[in-house]
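What follows is a short report on a single structure.
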2 protein chains.
Amino acid sequence: MAPVLCVGTVGLDTVETPFGRVEEVLGGSAAYFAVAASLFTSTQLVSVVGEDFPECHYDLLRSRAADLAGLVTLPGRCFRWSGRYHFDLNRRDTLETQLNVLAEFRPVLPPAYREAKFLFLANIDPMLQLSVLDQVRHPRLTMLDSMNYWISGAREALTEALRRVDIVLMNEEEVRQYAGTPHLLKGAREILALGPSALVIKKGEYGAVLLHGDGYFYCPAYPLEEVRDPTGAGDSFAGGFLGYLAQTDNLSMANLRRALVYGSVVASFAVEDFSVGRLLTVTPDDVRRRYREFREFTYFDEV
Amino acid sequence: MAPVLCVGTVGLDTVETPFGRVEEVLGGSAAYFAVAASLFTSTQLVSVVGEDFPECHYDLLRSRAADLAGLVTLPGRCFRWSGRYHFDLNRRDTLETQLNVLAEFRPVLPPAYREAKFLFLANIDPMLQLSVLDQVRHPRLTMLDSMNYWISGAREALTEALRRVDIVLMNEEEVRQYAGTPHLLKGAREILALGPSALVIKKGEYGAVLLHGDGYFYCPAYPLEEVRDPTGAGDSFAGGFLGYLAQTDNLSMANLRRALVYGSVVASFAVEDFSVGRLLTVTPDDVRRRYREFREFTYFDEV
């Protein structure tokens, strides 16, 4: 089955939630994505780390079917992020961001990667996302994530990138911010009008929505008893979503819906523990079982 | 088919939203409930109005299949509420509340109403809710709504009322406030442990959830282009929910799910215009069509 090419960050996170604190654990969008996608397919991982990136993390990523030919090691220290979540886990404060080697990141795809059919452009500088789009030859499906920082600070490049991808992944605030309207659906249509065939809006504890043409699909989040660490939920979602699409190689609308549910399933596991901890123990059977639960708690019949 | 007995408020609302302003229009929980329920069945309406309640509102309620034998007119002025919604419609400021005759409200059920099979206790003083529960003989289904004001100010009476009803209707904040926990599911379980067989949690623009025993059902809100006035959404939801259950007289879990969707459908119409305006023009066909749309935008298949 086709691998997914993912370009994003790999780094070390220090995270505090009401349930505990972890220091310098494996983090970054590409790391979460690759481990999540590994439940379905392998990942060609393009990112950068410093010389202090622990050997065990290389091993972990390699063991999760990640092809590390595109993971560059540069002189210097790894990208580091540190954050603290509030009591209700819906808000977080970034305590520190050290770009370190990430400041030098200029993704260059190994020749084999240029043939990638499925591409995830995680949340990085849209100029870099554009340069990756220039390097892939004939992708079947490209998906892009971004954040408020680029929406306000690199709007032009981001707009160009939005024009060139198939699926855009944003949260509600980002859609409203980009489109400059409190009306989510109006904002969504404005983004779709740029060219993407679909927009996935992440709603955090309320789930995710897939908009495509006149189509609309709402998948609620899994009703978790306790969320231990929401870090990486969006990238894990993307890994499940795109991993499933690559595995099935089917871009029908019905399959996009299934992919959205699989993304939600994988994200629901990801937040059950710190870092990628829970994603390392979850089995394909667990994933299938939770998919069925999603169906059970959203199903109602015709009348 | 069985009517629904509803005990709540009827009054005059002055509402300002980004889309306009209306003065002294028909409002109150029982008014919204009755008009919403009229899409499915008739309502025995128990409430109080003042001598200044306009004749046209009596006519309107009567024309919407509301039995007004329990609508008492007392000397004095009607209950009045005035509020202003913020730009995003998710928050509102109450500008003024005039209880007027509502301060004297002591619901006394006409004899025929004591045989009611379906009862909605709208958001009023839980002492009054308890007195209504004392007056009905053998209800098949009782549902209760409340608000933060009673949770903090009349907790004991509210708890007693919660113990005695079948279904509790609360929004997320009310569940968290009542249970004193940020964990919604834990809070829900605490409320269910008091005795109700089901809890419906309203999530506003994110829909509603039905919890019962081990069961969980999530119905998203309808993706409306524009909401003109969210006032009465919860009571319209209750009217659709309980109206459908009374019409079908079927309390199976599958039918409770359908009822939750119908409640969401009716609420989605209610917020399309001020007061009960939109509910007066919507047809049973419109309701069925939107129910099918709800199914279409939540459906995904087994794998």
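The values are calculated or read from the model by the stated rules, or taken from the named source; none is laboratory data. In this text the structure is predicted, and so the values were computed from the model without any measurement. When we count neighbours, we look across all protein chains shown, and the Cβ atoms used for this are built from the backbone with ideal geometry, even at glycine.
Annotation: of all residues in the stretch A:203-253 being within 13 Å of another protein chain (Cβ to nearest Cβ) and charged (D, E, K, R), the one that is farthest from the chain's Cα centre (by Cα) is A:Asp214. Go through the stretch B:27-46 and give me each residue that's in contact with a Pro (Cβ under 8 Å, 6 or more places away or on another chain) and either of a type in the set (Val, Ile, Thr) or part of a strand (DSSP E or B) (or both). Listed by number, the residues that qualify are B:Thr41, B:Thr43, B:Gln44, B:Val46. Of the numbered criteria (1) away from chain B (no Cβ under 14 Å); (2) surrounded by fewer than 19 Cβ atoms within 10 Å (Cβ to Cβ); (3) closer than 23 Å to B:Pro223 by Cα, the one A:Gln177 fails is (1). Considering only residues that are on the phi < 0 side of the Ramachandran plot, in contact with a helix residue (DSSP H, G or I) (Cβ under 7 Å, 6 or more places away or on another chain) and assigned to a loop (DSSP other than H, G, I, E, B), which ones fall in the stretch B:177-209? Once the filter is applied, which keeps residues that are on the phi < 0 side of the Ramachandran plot, in contact with a helix residue (DSSP H, G or I) (Cβ under 7 Å, 6 or more places away or on another chain) and assigned to a loop (DSSP other than H, G, I, E, B), the stretch B:177-209 yields B:Thr181, B:Pro182, B:Leu194, B:Pro196, B:Lys203. Exactly one residue out of A:Arg189, A:Arg155 is free of Cβ contacts under 8 Å to residues at least 40 places away in the same chain, within 12 Å of another protein chain (Cβ to nearest Cβ) and surrounded by fewer than 17 Cβ atoms within 10 Å (Cβ to Cβ), and it is A:Arg189. Out of the residues in the stretch B:255-286 meeting the condition of being of a type outside the set (Lys, Arg) and facing another protein chain (nearest Cβ under 10 Å), tell me which one is nearest to B:Cys56 (Cα to Cα). My answer is B:Tyr262. Of the residues that make up the stretch A:109-126, is at least one surrounded by fewer than 18 Cβ atoms within 10 Å (Cβ to Cβ), more than 21 Å from A:Ser197 (Cβ to Cβ), touching a residue at least 24 places away in the same chain (Cβ under 8 Å) and more than 14 Å from chain B (Cβ to nearest Cβ)? The answer is yes, given that some residue of the stretch A:109-126 is surrounded by fewer than 18 Cβ atoms within 10 Å (Cβ to Cβ), more than 21 Å from A:Ser197 (Cβ to Cβ), touching a residue at least 24 places away in the same chain (Cβ under 8 Å) and more than 14 Å from chain B (Cβ to nearest Cβ). Only residues that are among the charged types (D, E, K, R), surrounded by fewer than 18 Cβ atoms within 10 Å (Cβ to Cβ) and under 19 Å from the mean Cα position of the chain (by Cα) were counted in the stretch B:72-91, giving 1. If you go through the stretch A:228-248 and pick out every residue that is part of a helix (DSSP H, G or I) and either basic (Lys, Arg) or touching a Ser or Thr at 6+ places or on another chain (Cβ under 7 Å) (or both), you end up with 5.
Listed here are the residues, each with its yes/no results for (1) at pLDDT below 95; (2) of a type in the set (Lys, Arg); (3) assigned to a helix (DSSP H, G or I).
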site	(1), (2), (3)
B:Leu211	no, no, no
B:Phe217	no, no, no
B:Glu226	yes, no, no
B:Val266	no, no, yes
B:Val287	no, no, yes
B:Arg292	no, yes, yes
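Within the stretch A:150-176, restricting attention to residues that are of a type in the set (Asp, Glu) and farther than 18 Å from A:Phe237 by Cα, the residue that is nearest to the chain's Cα centre (by Cα) is A:Glu160.
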